[in-house]
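The next block holds one structure in the form of structure tokens; read it before the comments.
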Amino acid sequence: MSPRKHGFRQALVCSASNGAGAEYVEPDGFRIEKVSFGSLLTPVGLFFLTYGFGAFFQLLPGAEVAALLLIYGFPITLLGFALSYAQLKPVPCKTTVQALSLREAQATDIQKQLREDVTRYRYGDEQHLDEALNRIFQFGRQTGIPRRLTPLLRGVREEAREGAYTLVLEFETKEQMTLEMWETRLNKIETFFGPGINAEVVPVDGGVEVALKVDGSGAGRGGGEQKDVLPPLMPGLKARQQ
């Protein structure tokens, strides 16, 4: 199936840390989740306030609607400022042509949810996957690692590896965070982002990449019989089930 039928358009050939010369596609359609509501509401509210004051003092036409503009302008402006302050920007997502053709047929429900969550604006969260990382690394606990070593998600990639759909999480890490800290928690990563995936950690310049590769079992797709409730991927979301 052509990538254009999926709402994508062909992009230039890009290079990736996992293999130079990979051919990527980029989004071509509109998604409301990728719009910053703060950047929309703030100018609208300021316009209402500015025009409302101008009309109220008869510097601009429309004195009969000045009161309404002021009444609505104040809360819209405040809401816009609040959303702009609390927003967490989406991370970039790159998708190869092969991965795009495999996504609908192979990607697990959690992989789809994860990709959609981190590529949209979020409000009130300090960073992407904060809850997931806290569950995996147990920050500040005796068996965990210090909170100051929290890795930061900088991007995601969709690739095809050995014919299997793979979602790659690109993390920036501090020098004190060793590869062993990741490798000893591979089982937790697979449990949290599973079922139906195998996890692999690969060191790269400035961080690590966590590859969530479909294992071919078909588990975790279509919301079949589920058990063993797992923590939510993000604060405020429903608990997941395995």
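Coordinate-derived values only; no laboratory data. The shown structure was predicted, so the numbers you read here are calculated from the model rather than taken from an experiment. Heads up, the Cβs are rebuilt from the backbone with ideal geometry, glycines too, and the neighbour counts pull from every protein chain shown.
Could you list the GluC sites (Glu not before Pro) in region 80-136 that lie in coil according to DSSP, counting only those with at most 14 other Cβ atoms within 10 Å of their Cβ? Kindly include the intermediate steps, with their values, before the conclusion.
On the way: sites: Glu104, Glu116, Glu126, Glu131; in loops: Glu126.
Listed in order of number, the matching sites are Glu126.
With 10 angstrom as the radius, rank Asp205, Asp215 by how many other C-beta atoms surround their C-beta, starting from the fewest.
Details: Asp205 5, Asp215 17.
By the 10 Å Cβ count, ascending: Asp205, Asp215.
Quick check: convex hull of the Cα atoms in region 37-88, volume per residue, rounded to a whole Å³? Numbers along the way, then the final one.
Working: hull volume 2.7 nm³, N = 52.
For region 37-88, the hull spanned by Cα atoms encloses 51 Å³ per residue.
With all distinct Cα pairs included, what does the Kirkwood hydrodynamic radius of region 100-196 come out to in Å, to one decimal, could you say? Don't jump to the answer; show the numbers that get you there.
Details: mean 1/r = 0.0680 Å⁻¹.
After inverting the mean inverse Cα-Cα distance, the result is 14.7 Å.
Test of understanding: what is the full-extension gain from Phe47 to Asp125, defined as 0.36 nm times their sequence separation minus their Cα-Cα distance? Spell out each step's value before the answer.
Working: separation 78, 0.36 × 78 = 28.08 nm, distance 2.88 nm.
The Phe47-Asp125 span can extend by a further 25.2 nm.
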